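Derivation of every value follows stated rules applied to the coordinates shown; laboratory data play no part. Only a predicted model underlies this, so the values are computations on that prediction, with no experimental measurement involved. Cβ placement follows ideal geometry from the backbone for every residue including glycine, while neighbour counts extend to all protein chains displayed.
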């Protein structure tokens, strides 16, 4: 009797089903060292609406990656999330690493105090 190849989608369904059934032992089974599981959360993500968004600057670098440079006058966690969305979109579009730097401009026009916010 020959081997039967299980399609990828079926393997995915099997692993998801077993993980759901044995949720209390999934960390040990997969050898994942994290805090204990409290509960399962919905894993589906809502559809993202495509909108054109513009980054301040994007440079292609000699190491085959991109530099994403932003100038900001505010410091907000929402800004970081927005930059992350830009970087994910750029990475998906070009399949290259993205290095992000934000220059925080404390004063109008950035003349006095500027600092790298994050990398």
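Values for this structure:
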{"read-out": "Extension gain (nm, one decimal) between residue 54 and residue 28, 0.36 nm per residue minus Cα-Cα", "value": "5.0 nm"}
{"read-out": "FRET efficiency, 1/(1 + (r/R0)^6) with R0 25 Å, evaluated for residue 71 and residue 95 via beta carbons", "value": "0.40"}
{"read-out": "Protection proxy ranking, peptides 20-29, 48-57, 95-104, average beta carbon neighbours within 10 Å, highest first", "value": "95-104, 20-29, 48-57"}
